[in-house]
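Trainee: Dropping the structure in here first, questions after.
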Amino acid sequence: MNANSETSPSFQSPAESRDPVADIIAADEDLALTLPYLGAHLRARARATFALAIELRRIPRQVREPAIGDIRLQWWRERIDDLARSKPAPVGHPTLEALAKSGAVGPATKSLIFGAIDARERFLDPTPFRSTEEAFAAFEAAESCLLAVADDLDDVSRAAALSRVGLYAAVRWGASGDPARRGEILREAQARLAAAPSLPTAEGAPTSPLLFVALTKGYLSRSPERSWPLAKRMALFWAALRGRA
């Protein structure tokens, strides 16, 4: 990989895929399985927001040098700022085009997305966490862009949703390759999950696009390397049926 390929954003010709946003989301099984449960009025915005989250997660894994990652994150800051100012999205960039079309970037969501971009800088460090507390805080901040799908939450609901999203992410990714840290994270996560309020996930609820947090318990009881697609489908179906995750 050369420096140019590391710093350049991914643009795609329409001929390369009939639905490039779906291709991006397909890389994350949890988000892909969540989409079918969403009403039409939320699905377009959720697709755009999910694709953005995946794009930002990829950057630390794709670059060899933190400085290159900083350049790519800055590129995203500038493009998000452009969208917030109602400037057109770059032609051929499916995620930005989806964000523009869905209206997911605006005054109420720009700060959330900027916070997530800023938080991703920490993940450019090979050892980003010095403590379990830092891991939970970092994942909560880095995944905060997912709340851009629902900008009409009150402060209490937003804080609860952000806490659950961060908890989910920390359990899913926060301990890979570090058995000792994994044990600490799992113990803390179990305590936090027991005390956390459930999220409304009935169709039409503002937090229904966060249905995937229902998978947190599944990740708590499985090794990071284990695949569990059928159990995921069952957990999501049950959470949608109950209307709570």
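Trainee: I'm trying to understand the selection: among the residues of the stretch 96-113, which are aliphatic (A, V, I, L, M) and assigned to a loop (DSSP other than H, G, I, E, B)?
Mentor: The answer is 104, 105.
Trainee: Going through 163, 208 one at a time, which residue ends up being in contact (Cβ under 8 Å) with a residue 60 or more places away in the chain and in contact with a Pro (Cβ under 9 Å, 6 or more places away or on another chain)?
Mentor: One residue alone meets the criteria, 208.
Trainee: Let me ask something additional. Considering only the stretch 54-79, state which residues are under 19 Å from residue 96 (Cα atoms), in contact with a Phe, Trp or Tyr (Cβ under 9 Å, 6 or more places away or on another chain) and of a type outside the set (Asp, Glu).
Mentor: Result: 56, 57, 59, 69, 77.
Trainee: Residues that are more than 26 Å from residue 56 (Cα to Cα): find the helices (runs of 4 or more DSSP H) completely inside the stretch 160-245 holding 2 or more of those.
Mentor: Numbers: elements: 179-195, 216-220, 229-242.
The helices (runs of 4 or more DSSP H) meeting that bar are 179-195, 229-242.
Trainee: Moving to a separate point now. Quickly run through the stretch 28-47 and pick out the residues that are surrounded by 15 or more Cβ atoms within 10 Å (Cβ to Cβ) and free of Cβ contacts under 8 Å to residues at least 60 places away in the same chain. Step through it out loud before you land on a result.
Mentor: Here is the first cut: in the stretch 28-47, the ones surrounded by 15 or more Cβ atoms within 10 Å (Cβ to Cβ) are 28-35, 37-38, 42-47.
Those that are surrounded by 15 or more Cβ atoms within 10 Å (Cβ to Cβ) and free of Cβ contacts under 8 Å to residues at least 60 places away in the same chain: 28, 32, 35, 43, 44, 47.
Trainee: Turning to a different aspect of this structure: Yes or no: the stretch 103-114 includes at least one residue that is under 25 Å from residue 186 (Cβ atoms) and either under 14 Å from the mean Cα position of the chain (by Cα) or among the β-branched types (Val, Ile, Thr) (or both).
Mentor: Looking only at the stretch 103-114, we keep the residues that are under 25 Å from residue 186 (Cβ atoms), and these are none.
No, the conditions are met nowhere in the stretch 103-114.
Trainee: Any residue that is under 24 Å from residue 54 (Cβ atoms) and free of Cβ contacts under 8 Å to residues at least 24 places away in the same chain - is there at least one of those in the stretch 189-205?
Mentor: no
Trainee: Scanning for something outside any helix (DSSP H, G or I), crowded, with 16+ Cβ neighbours inside 10 Å and more than 19 Å from the chain's Cα centre (by Cα), does the stretch 86-93 turn up at least one residue?
Mentor: Going residue by residue through the stretch 86-93, those that are outside any helix (DSSP H, G or I) are 86-93.
Subsequent filtering for residues that are crowded, with 16+ Cβ neighbours inside 10 Å retains 89, 93.
Now narrow it down to the ones that are more than 19 Å from the chain's Cα centre (by Cα): 89.
Yes, some residue in the stretch 86-93 is outside any helix (DSSP H, G or I), crowded, with 16+ Cβ neighbours inside 10 Å and more than 19 Å from the chain's Cα centre (by Cα).
Trainee: Do we find that residue 135 is surrounded by 17 or more Cβ atoms within 10 Å (Cβ to Cβ), in contact with a helix residue (DSSP H, G or I) (Cβ under 8 Å, 6 or more places away or on another chain) and under 22 Å from residue 213 (Cβ atoms) in this structure?
Mentor: Spelling it out, residue 135 is indeed surrounded by 17 or more Cβ atoms within 10 Å (Cβ to Cβ), in contact with a helix residue (DSSP H, G or I) (Cβ under 8 Å, 6 or more places away or on another chain) and under 22 Å from residue 213 (Cβ atoms).
Trainee: Give the number of residues within the stretch 62-80 that are part of a loop (DSSP other than H, G, I, E, B) and either on the phi > 0 side of the Ramachandran plot or not charged (D, E, K, R) (or both).
Mentor: Step one: filter the stretch 62-80 for residues part of a loop (DSSP other than H, G, I, E, B), giving 63-65.
So of that shortlist, the ones also either on the phi > 0 side of the Ramachandran plot or not charged (D, E, K, R) (or both) come out as 63.
Here the count works out to 1.
Quick note: the coordinates plus some simple rules give every number you see, no bench work behind them. Fair warning: this is a prediction, and the values are worked out from it, not measured in the lab. As a convention, Cβ positions derive from the backbone with ideal geometry for all residues, glycine included, and neighbour counts pool all protein chains shown.
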